[in-house]
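Engineer: One structure, pasted below without further comment.
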Amino acid sequence: SVSVIFNELFVVGKAMGINMKSKRNGKIELLRFFFCMSVLLFHIGKDAFGSNVFINDYLTVFARGRSGVEFFFLVSGFLAAKSASKIRLNGDTVGRNSFNFILKKINAILPYHIFAVMVTVVLFFIYGNHFVMDIVKRLPSAFFLQRTGMCDRDFITVEWYICSMLLALAIIFPLLLKNFDLTTLVIAPVASSLMIGYLKKTYGAMPVSDEFATFTYSCNIRAVAVILLGCFCFAISEKIREAELSKLKEILLIIIENGCWLVSMYFMFSGFHTSYDSYVIYFMALGITLTFSRDFDCKIYNNKFVYFLGAFSLPLYLCQNIARSIVKYELDSLTGYTRIAVTVSLAVIISLIAYILWNVIKKLRLKRAVSK
């Protein structure tokens with residue numbers, strides 16, 4: 001049963017020395033899943049209806065769901081600053097610490113990346129007409145290089161976010177290690193605001209992933225801007241943690257925090273113009289700052305199911321294209337909401353297979369290590 005799987009994975013986590021309660025913020029994990037689903041439903045909604053679907057003036061089928069990516073950039077920046085604040089005090093060089101940090105990020109993504117690429121190659125073999133060229137044209141993207149300009153096609157189109165994130169962190173993390181306060185408190189807020197403003201003025205909204213801006217893809221600038229803002233969020237969050245707040249101020253911050261998330265979540269399926277997505281970035285940034293600034297003891301957030309949803313977001317994000325491709329080739333006669341329901345269900349099943357498979361491999365590796 002599902003509960004048995006959760007318990008097994010929880011036991012594995014404990015055996016590996018992972019304290020889920022101390023390592024994870026349950027509310028952020030729940031939001032991680034929501035914004036992953038918003039991106040998923042944005043893509044599937046367009047597949048099903050051919051364009052963004054407006055139910056009325058106030059509700060859509062996640063027509064603004066792609067802005068959920070900003071949440072992931074912000075959290076990446078926040079956690080990068082948190083990591084830098086801890087490891088910058090050890091004796092390793094800036095280069096070595098930065099390399100190890102990026103490598104750790106890649107290792108967390110790699111199992112699901114490999115799974116998604118391998119299944120995509122099989123789909124090319126089954127449904128494609130030019131199997132070899134399909135692989136050759138996309139080869140750099142197998143190494144997270146799709147937004148360097150080396151290739152115009154991807155194995156996993158939604159993985160542009162991963163590539164842009166890694167490139168941005170490779171620039172930002174050494175700056176955090178070299179001068180943490182200058183980067184988080186001065187460079188991050190100023191540079192992020194200038195870059196977000198530049199992107200809005202140039203493209204009217206946060207640009208799509210295949211726009212090229214002079215020397216690099218605009219989505220790389222988007223990643224640097226929002227991740228820098230996430231670094232600033234960490235610095236402010238730490239200051240709030242250190243402050244002695246009255247009960248009234250704490251309640252006020254909780255109201256503001258939840259208000260920011262309600263606005264951000266509503267925007268995902270609202271009919272607001274895309275130009276307002278830059279506003280939502282700052283609502284998300286404030287929400288992340290306040291959510292991380294306090295500890296949650298509430299079981300609504302801190303439980304195995306919520307932690308699972310947060311961890312499940314990564315394979316679900318990476319495997320969505322597989323489900324969309326299968327529906328396109330095998331079930332293209334499906335239309336509208338039926339197509340959405342089938343594609344989401346298939347995406348969840350495929351992602352569960354990837355998730356369970358990787359956790360079984362980790363468990364076997366752990367047993368082998370213990371036996372030695």
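The values are calculated or read from the model by the stated rules, or taken from the named source; none is laboratory data. The structure displayed is predicted, hence computed values, not measured ones. No Cβ is skipped: glycine too gets one built from the backbone with ideal geometry, and neighbour counts run over all protein chains shown. The accessibility values were calculated without ligands, DNA or RNA, using every heavy atom of the protein model including side chains. Shrake-Rupley method; radii C 1.70, N 1.55, O 1.52, S 1.80 Å.
Engineer: Would you tell me the accessible area of Asp57, worked out with a 1.4 angstrom probe on the heavy atoms of the protein chains, in Å² to the nearest 10?
Structural biologist: Roll a 1.4 Å probe over it and Asp57 shows about 130 Å².
Engineer: How big, in percent, is the set of alpha carbon pairs in region 211-355 lying more than 19 Å apart?
Structural biologist: The calculated P(r) of region 211-355 puts 70 percent of pairs beyond 19 Å.
Engineer: Probe 1.4 Å, all protein chains in place: accessible area of Val122 in Å², nearest 10?
Structural biologist: Answer for Val122: close to 80 Å² accessible.
Engineer: Next up: Provide the FRET efficiency to the nearest 0.05 for the Asn52-Asn179 pair, computing r from the beta carbons and using R0 = 45 Å.
Structural biologist: 0.55
Engineer: Convert each backbone phi in region 163-173 into a coupling constant with the Karplus relation 6.51 cos²θ - 1.76 cosθ + 1.60 (shift: θ = phi - 60°), then list the ³J(HN,Hα) values in order as whole Hz, x for Gly and Pro.
Structural biologist: Listing the rounded values in order: 4, 4, 4, 5, 4, 5, 5, 5, 7, 7, 4 Hz.
Engineer: How big is the Rg/Rh ratio for region 157-215, C-alpha atoms only, Rh by Kirkwood, two decimals? Please report the intermediate quantities before stating the final value.
Structural biologist: Working: Rg = 13.3 Å, Rh = 13.0 Å.
Across region 157-215, the Cα-based Rg/Rh ratio is 1.02.
Engineer: Another one. Could you state, as a whole-number percent, how many of the C-alpha pairs of region 76-147 are farther apart than 15 Å? Write down the numbers at each step before the final one.
Structural biologist: Values: 1691 of 2556 pairs.
That fraction is 66 percent.
Engineer: Quote the accessible area belonging to Phe305 in square angstrom, nearest 10, computed with a 1.4 Å probe and with ligands, DNA and RNA left uncounted.
Structural biologist: About 110 Å², ignoring ligands and nucleic acids.
Engineer: Show log10 I(q)/I(0) for region 275-372 at q = 0.15, 0.18 Å⁻¹, two decimals, from a solvent-free Debye sum over equal Cα scatterers.
Structural biologist: Evaluating at q = 0.15, 0.18 Å⁻¹ gives log10 I(q)/I(0) of -0.92, -1.01.
Engineer: Could you work out the percent of alpha carbon pairs in region 315-372 separated by over 14 Å, rounded to a whole number?
Structural biologist: Counting pairs separated by more than 14 Å, the tail of P(r) holds 61 percent.
Engineer: Oh, and also: Which value in deg cm²/dmol, rounded to the nearest 500, describes the helix-derived mean residue ellipticity at 222 nm for the chain, given -39,500 (n - 2.57) per DSSP H run of n ≥ 4 and division by the residue count?
Structural biologist: On the way: 13 runs with 265 residues, N = 372.
That calculation yields -24500 deg cm²/dmol at 222 nm.
Engineer: Okay, moving on. Under a 1.4 angstrom probe, counting protein chains only, how are Leu199, Leu123 ranked by accessible area, largest first? Working shown, then result.
Structural biologist: Numbers: Leu199 0, Leu123 25 Å².
The most accessible residue leads, giving Leu123, Leu199.
Engineer: Based on Cα coordinates alone, diagonalise the gyration tensor for the chain, multiply each eigenvalue by 5, take square roots, and list the semi-axes in whole Å, largest first.
Structural biologist: 31, 26, 23
Engineer: If each Cα of region 103-229 is one equal point scatterer, what is log10 of I(q)/I(0) from the Debye formula at q = 0.17 Å⁻¹?
Structural biologist: Cα-only, vacuum Debye calculation for region 103-229: -0.92.
Engineer: Relative contact order for region 98-168: what percent, with Cα pairs under 8 Å and sequence separation of 6 or more?
Structural biologist: Computed over region 98-168, the figure is 25 percent.
Engineer: ³J(HN,Hα) across region 228-233 via Karplus (A = 6.51, B = -1.76, C = 1.60, θ = phi - 60°), whole Hz, x for Gly/Pro?
Structural biologist: Running phi through 6.51 cos²θ - 1.76 cosθ + 1.60 with θ = phi - 60° gives 4, 4, x, 5, 5, 4 Hz.
Engineer: With a cut-off of at most 12 other beta carbons within 10 Å, and DSSP calling the residue loop, which trypsin sites (Lys or Arg not before Pro) in region 254-343 qualify? Please list them. Numbers along the way, then the final one.
Structural biologist: Numbers: sites: Arg294, Lys299, Lys304, Arg324, Lys328, Arg339; in loops: Arg294, Lys299.
For trypsin sites (Lys or Arg not before Pro) across region 254-343 that sit outside H, G, I, E and B with at most 12 neighbouring Cβ atoms in 10 Å, the list reads Lys299.
Engineer: Given the options Leu364, Leu318, Thr338, identify the residue whose Cα lies farthest towards the positive end of the charge dipole of region 304-372 (+1 on Cβ of Lys, Arg; -1 on Cβ of Asp, Glu).
Structural biologist: Leu364
Engineer: Could you work out the relative contact order of region 233-372? I mean the mean sequence separation of Cα pairs under 8 Å and 6+ apart, divided by the number of residues, in percent.
Structural biologist: So the answer I get is 24 percent.
Engineer: Specify, per residue and in Å³, the volume enclosed by the convex hull of the alpha carbon atoms belonging to region 171-277.
Structural biologist: 117 Å³
Engineer: For region 34-126, what does the relative contact order come out to in percent, with C-alpha contacts under 8 Å and a separation of six or more?
Structural biologist: 20 percent
Engineer: Still on this structure, I have one more. List, in order, the whole-Hz ³J(HN,Hα) value for each residue of region 212-218 obtained from phi through the Karplus relation with A = 6.51, B = -1.76, C = 1.60 and θ = phi - 60°; use x for Gly and Pro.
Structural biologist: For region 212-218, the Karplus-derived couplings read 10, 10, 6, 10, 7, 5, 5 Hz, x marking Gly and Pro.
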